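Report on one structure; see the data block that follows.
Any read-out appearing in this document is the output of simple, stated calculations on the displayed coordinates, not a laboratory observation. Please read all numbers here as calculations on a predicted model, not as lab measurements. Don't worry about glycine lacking a Cβ; one is built from the backbone with ideal geometry, like all the others, and counts go over all protein chains shown.
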Amino acid sequence: MSSAFAQGVTTDPVGYVTSTVYGNGGSGQRLTLVSPSFHTGSAASGAVSASTSSSVTVSGGLVPGAYDGGSFYIEVIDSSGVGYWTDVVSNTADTFVVNDDLTSFIANGDQFHVREHLTIAGLFGAANEAGLQAGGSVGAADNVQIISYSGGVSQNLTYWYSNVPGFEGWFDPSFTPSGDAIVAPHEGVIVVRKVAGDVNLVFSGTVRTTDINYPVEEGLNVVAVPSAATKTLDTSGLASAIAAGGSIGAADNIQIIGSDGNNYTYWYSNVSGFEGWFDPSFNPSGNVELTPGISFILTRKAGNGGAVNVAMSSTLPVAP
């Protein structure tokens, strides 16, 4: 992984990160977990004047209908609700109709940003500029996968790039055009590589300077690293939200796929005198890095309280 940052005269710093998608070594397939670690610039911002279970009213000045269609989300950037976000369904000149109830996390006077969601075509290029393996079918091409939840039920969403003449583009397994498929702020991306060569992906965008709140469901979640600065398990903020335990089997688990292709697992111990992050052999692991450009697996164990919101730290790197 490598990353770089650029800050000009604007108030929003921008940057890029390079992530390596590893080849399959000559046979089979290999999984790489990536994330852009950035977001899009602010499409609208201001202060909240009122909120209900299905709407957020702001100071005005919006173009009616500009944020319809589910391609945008509204995010709280201050107060106790910092990092909470929900999709925008539609808008008037001063009100957003929203998908989720934010009333517990947003108060009058709080600041907000509206941002456009990232998409499959936006991340990998409308014409597959990223250089993943195209093909005539989902089985022949490299696959891009997102594990998404709806109503607590997981869905494995798969996309691929078709090179069939006259049908070039991103599709799902049913051959439905999918370049506009959304990658939500918390979602990591699984790339399934089916050929030998590595591919370097370059993700760019606006550097996140506030924390982001991630919904985590019971079961397997692929979670994006939201920060443009390298975090460790100790500095990630994960320990304050997921379940600790007296053993790796009882605690929620964090899994990172290394550059060697191996899967490394970590858990947070609440054993008296041995509190902290450990690997399966009980080696201290708080300094294990979560680097920009990757995503990781968070397994929420049954019996640990069900769905939870996780606040991930996104501190801006110190300028050189």
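When the charge dipole of the chain is built from unit charges on Cβ atoms (+1 for Lys and Arg, -1 for Asp and Glu) and taken about the Cα centre, the candidate among Val14, Ser204, Phe282 whose Cα reaches farthest toward its positive end is Phe282.
Ignoring everything except DSSP H segments at least 4 long, calculate the 222 nm mean residue ellipticity for the chain; use -39,500 (n - 2.57) per segment, divide by total residues, nearest 500.
Working: 1 runs with 5 residues, N = 320.
Per the formula, -500 deg cm²/dmol.
When +1 charges are put on Lys and Arg Cβ atoms and -1 charges on Asp and Glu Cβ atoms, the dipole computed for the chain relative to its Cα centre reaches about 540 debye.
For the chain, what is one quarter of the convex hull surface built on the Cα atoms, given in nm²?
Result: 18.1 nm².
Protection proxy ranking of 52-60, 109-117, by the mean of other Cβ atoms within 10 Å over each peptide's residues and highest first, is 109-117, 52-60.
With the highest mean first, a sort of the peptides 171-184, 27-40 on other beta-carbon atoms found within 10 angstrom per residue produces 27-40, 171-184. The share of C-alpha pairs in the range 1-128 whose separation exceeds 18 Å stands at 61 percent. Simple rule: put +1 on each Lys or Arg Cβ and -1 on each Asp or Glu Cβ in the range 123-277, find the dipole, and look at Gln133, Thr232, Phe167; the Cα lying farthest toward the positive end is Gln133. Between Glu129 and Thr230, the distance separating the two model label sites (each 7 Å from Cα on the Cα→Cβ line) works out to 2.9 nm.
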